[in-house]
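Colleague: The following block contains the structure, expressed as structure tokens.
The values are calculated or read from the model by the stated rules, or taken from the named source; none is laboratory data. Model, not experiment: these values are computed from the prediction. Backbone-built Cβ (ideal geometry, glycine too); neighbour counts: all protein chains shown.
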Amino acid sequence: MSSDVRSTLGAAFIGCMIAVGLSAVLGFQTFLYFRIFASDALRYKLLVGWIWATDVVHTVLVCTSVWQYLIVNYENSGIVKKIFPTVAITIATTAVVTLSVNSFYAWRIHKMSKHNWWLTGPIAFLSVIRVGLAFTTTVEMLITKTFPEFATKFKILFTSGLFVSAVTDVIISVARYYYLRNLKQGYLPTQEVVDTVVVFTINDGFLTCAVVIASIGFWLGMPHNFVYLGIYFTISKFYSNSVLATLNLRNWYRHQYTWNRPYGLSMIRTTNNDGSRTHAHDRATSMIPSSSGSPSKHAHPISIDEGRVEVFVDHQVEYNVGNLIPEDLDALETHSNKSHKSVEPSALEF
């Protein structure tokens with residue numbers, strides 16, 4: 001009997017604790033987002049607020065379900081067969097979170113692919129199918145009310161919903177990788193940013209897909225216990241944290257991949273060594289560093305007199321480069337095929 005308790009109520013309790021921990025991480029990420037990116041676009045704020053709200057609902061449902069099993073029915077050994085309504089609603093809530101996250105990534109892929117509906121259409125279709133299967137599963141759980149009966153009649157239904165979710169994750173990750181890898185040519189800091197985003201995309205997609213596949217495996221192999229259910233409790237948490245991590249990493253990228261040297265613009269006329277006046281374009285060019293951080297090889301030597309005044313603009317470039325991250329760098333796509341041309345700072349503005 002103790003072994004059954006560990007694999008049923010124990011597995012559900014562990015899954016609940018992990019879910020609560022991941023929910024706390026999401027809450028901290030939400031706080032950081034609104035603290036750091038207070039001036040972000042309204043659509044991002046609404047997305048973050050919606051994800052946080054649905055995550056709170058999901059956490060309450062999970063904790064209530066475990067409370068029903070462990071506390072309210074403490075002495076009832078047969079309670080593990082019962083499906084409480086909160087457990088069934090958890091399935092639907094997970095599907096809503098998954099749809100929200102997949103919609104965000106599908107929208108980004110749609111912009112990166114130049115409105116390629118042949119790619120984003122299937123992603124949207126699979127996401128809707130996933131929600132339909134999940135809501136059908138919720139209804140059938142509320143009707144059957146017991147796990148043995150549900151596993152006998154609707155094993156394929158629950159498995160199909162998880163399988164569609166895993167396939168959608170793979171398509172989204174592959175699509176993002178495909179379009180991001182084309183941005184690795186050209187400006188060196190941009191290459192480093194893209195490399196980091198690609199690694200994060202692969203790891204992020206692999207993690208969510210692995211959790212879903214693990215839940216499928218335990219559901220098919222051991223449907224009589226709650227190991228699959230404990231894993232299922234954490235699925236929506238990984239999806240939610242995925243979006244918040246993508247948005248909050250912008251601050252790290254902003255400080256990691258910005259020029260340390262300011263740009264100087266002379267406000268008075270200067271002269272060359274031979275006494276001739278330097279053209280304004282040449283003065284600006286001489287003070288713009290190349291990708292290696294050194295002055296341009298075409299720079300003209302300038303004799304700086306005591307009355308010269310320079311104005312340095314440092315924050316403009318830092319802001320523009322930082323803002324490339326939430327847009328998945330698609331604004332640079334038009335420059336990715338120009339690897340043999342120099343990229344001026346003005347080209348990074350959008």
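Colleague: Considering the stretch 11-53 alone, what residues qualify as being closer than 23 Å to Phe226 by Cβ and touching a residue at least 40 places away in the same chain (Cβ under 8 Å)?
Modeller: Ala11, Ala12, Phe13, Ile14, Gly15, Cys16, Ile18, Ala19, Val20, Leu22, Ser23 - these are the residues of the stretch 11-53 that are closer than 23 Å to Phe226 by Cβ and touching a residue at least 40 places away in the same chain (Cβ under 8 Å).
Colleague: If I go through the stretch 111-121 residue by residue, how many of them are closer than 18 Å to Thr98 by Cα and surrounded by 15 or more Cβ atoms within 10 Å (Cβ to Cβ)?
Modeller: Residues in the stretch 111-121 being closer than 18 Å to Thr98 by Cα and surrounded by 15 or more Cβ atoms within 10 Å (Cβ to Cβ): 1 in total.
Colleague: If you don't mind, there's one more thing I want to ask. Of all residues in the stretch 13-71 being among the aromatic types (Phe, Trp, Tyr) and touching a Ser or Thr at 6+ places or on another chain (Cβ under 8 Å), which is nearest to Ser236 (Cα to Cα)?
Modeller: Ranking the qualifying residues of the stretch 13-71, first place goes to Trp52.
Colleague: Also, quick follow-up: From the residues in the stretch 2-31 that are of a type in the set (S, T, N, Q) and surrounded by 16 or more Cβ atoms within 10 Å (Cβ to Cβ), which one is nearest to Gln68 (Cα to Cα)?
Modeller: Applying the first criterion (of a type in the set (S, T, N, Q)) to the stretch 2-31 yields 2-3, 7-8, 23, 29-30.
Checking the rest, the ones that are also surrounded by 16 or more Cβ atoms within 10 Å (Cβ to Cβ) come to 7-8, 23, 29-30.
Working: Ser7: 17, Thr8: 13, Ser23: 20, Gln29: 30, Thr30: 29 Å.
Step by step, filter the stretch 2-31, then rank; the result is Thr8.
Colleague: Here's another thing I want to ask about it. Could you say which residue among Ser39, Ser65 is more than 16 Å from the chain's Cα centre (by Cα) and part of a loop (DSSP other than H, G, I, E, B)?
Modeller: Ser39
Colleague: For the stretch 168-198, how many residues are modelled with pLDDT of 65 or more and either surrounded by fewer than 17 Cβ atoms within 10 Å (Cβ to Cβ) or basic (Lys, Arg) (or both)?
Modeller: Residues in the stretch 168-198 being modelled with pLDDT of 65 or more and either surrounded by fewer than 17 Cβ atoms within 10 Å (Cβ to Cβ) or basic (Lys, Arg) (or both): 6 in total.
Residue-wise test of (1) β-branched (Val, Ile, Thr); (2) closer than 28 Å to Met222 by Cα; (3) out of contact with any Gly (no Cβ under 8 Å at 6 or more places or on another chain).
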| site | (1), (2), (3) |
| --- | --- |
| Thr94 | yes, yes, yes |
| Leu133 | no, yes, no |
| Ile143 | yes, yes, yes |
| Phe150 | no, yes, yes |
| Val164 | yes, yes, yes |
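Colleague: If you don't mind, another one. Those residues that are part of a helix (DSSP H, G or I) and of a type in the set (D, E, K, R), I need them from the stretch 113-161; list them, please.
Modeller: Matches in the stretch 113-161: Arg130, Glu140, Glu149, Lys153, Lys155.
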